[in-house]
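The values are calculated or read from the model by the stated rules, or taken from the named source; none is laboratory data. Please read all numbers here as calculations on a predicted model, not as lab measurements. As a convention, Cβ positions derive from the backbone with ideal geometry for all residues, glycine included, and neighbour counts pool all protein chains shown.
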């Protein structure tokens, strides 16, 4: 039985040697600064959480993932788990409390409760002629403003690791994740990847909040962020292309999760994904076992390039 069932992903924590350069990339990616100190940068999306991305100043590094606890009682319960710190008060912008753990690859996992919430950032979107009302946009012209995407929230994180079984078991045992799709190559017993979602009972959640990939390298494969809609994915693609950042993969539509995706590298090689339109599942949807040749492809768009599959930021 899991120690707790976390409520959502909170943020990814990275380190970068130049906070100005980090802020420039993240702003162009579609995030908004909420706070900056001499030693750290905090960026938000259009949804209420105070921040969804933390960059500490230092040598390039992936520090870890953070997740929201459902309650203060859950946080206290987790603090009693093997290897956990006690409940700590967060002395950084956004506030709240946290418990820190170390997952099998040595990365920090933070579980937090009580982060400050801000007013949502309004984003005007045009209606489209689809769905039950074919006249939704009758008499209106489609004119899309150019510029960066508008990121809503952080959605999931992906790890590459040779400690596949140990890592997968840890995240399920400590954070309450449940399997959406396990991916095998060759024999069904040979798992090479696992897509895991939050366990929120009957409440629908994203297809996955955590994906772990068996790999000889250990590190962050990517952080993933939901944007406003499919147009917003494409707007961001054009804008980041104009800005000269390295494109990693996309645009396409995944099979597992079904998101329309686009992947970009920050100046230190850490991959950040834009996506829109995910499958939403609840506990009644159960779990699946899927062969790699069906799972790790696109419904449309090209196959994942080796530079993305082998990307593991230590």
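Points worth noting:
- Which numbered condition residue 56 misses (of (1) more than 21 Å from residue 209 (Cα to Cα); (2) buried (at least 22 other Cβ atoms within 10 Å of the Cβ); (3) out of contact with any helix residue (DSSP H, G or I) (no Cβ under 8 Å at 6 or more places or on another chain)): (2)
- Each residue in the stretch 177-190 was checked for being farther than 20 Å from residue 68 by Cβ and either in contact (Cβ under 8 Å) with a residue 40 or more places away in the chain or touching a helix residue (DSSP H, G or I) at 6+ places or on another chain (Cβ under 7 Å) (or both), and 7 pass.
- The criterion of at least 1 residues that are within 20 Å of the chain's Cα centre (by Cα) and modelled with pLDDT of 95 or more is met, among strands (runs of 3 or more DSSP E) falling completely within the stretch 239-298, by 247-254, 260-265, 271-276.
- All conditions but one from (1) in a loop (DSSP other than H, G, I, E, B); (2) under 20 Å from residue 156 (Cβ atoms); (3) in contact with a strand residue (DSSP E or B) (Cβ under 6 Å, 6 or more places away or on another chain) apply to residue 110; the one that does not is (1).
- Residue, farthest from residue 223 (Cα to Cα), within the stretch 267-280, restricted to residues that are buried (at least 22 other Cβ atoms within 10 Å of the Cβ) and in contact (Cβ under 8 Å) with a residue 60 or more places away in the chain: 275
- Some residue of the stretch 112-126 being within 30 Å of residue 239 (Cβ to Cβ) and buried (at least 17 other Cβ atoms within 10 Å of the Cβ): yes
- Residue within the stretch 252-259 that is under 15 Å from residue 30 (Cβ atoms) and free of Cβ contacts under 8 Å to residues at least 60 places away in the same chain present: no
- Scanning the stretch 141-176 for residues that are under 16 Å from residue 104 (Cα atoms) and in contact with a helix residue (DSSP H, G or I) (Cβ under 7 Å, 6 or more places away or on another chain) turns up 159, 161.
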